[in-house]
Amino acid sequence: MMREHHGGREKLFVDYVDDTSTVVDRKTGEVRDAHIFVAAMGASSLSFALAGVDRAALRLDRGIQRGLLSE
């Protein structure tokens, strides 16, 4: 494994989880697949995850130009 070193607030790593998760609407009982978006800050223990049924709506990386690393 190659180890990389990153300075604080230097890079944001983003990706989608390959598999979907199942979510159930509590009101209607409808079962749907949810896509999961994940992000982690380099050189920190900060991470973020968000699930949604519309993958396009989860494009939280729009507008970020510098220091964004996507798989």
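The values are calculated or read from the model by the stated rules, or taken from the named source; none is laboratory data. Here the structure is a predicted model, which is why all the values come from computation and not from measurement. Reconstructed Cβ throughout: ideal geometry from the backbone, glycine too, with neighbour counts over all protein chains shown.
A quick yes/no check of all residues on (1) modelled with pLDDT of 80 or more; (2) in a loop (DSSP other than H, G, I, E, B):
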{"site": "5", "(1), (2)": "no, yes"}
{"site": "8", "(1), (2)": "no, yes"}
{"site": "28", "(1), (2)": "yes, yes"}
{"site": "36", "(1), (2)": "yes, no"}
{"site": "40", "(1), (2)": "yes, no"}
{"site": "44", "(1), (2)": "yes, yes"}
{"site": "50", "(1), (2)": "yes, no"}
{"site": "69", "(1), (2)": "no, no"}
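Which condition does residue 22 not pass, out of (1) surrounded by 10 or more Cβ atoms within 10 Å (Cβ to Cβ); (2) in a strand (DSSP E or B); (3) not hydrophobic (A, V, I, L, M, F, W, C), if it passes all the others?
(1)
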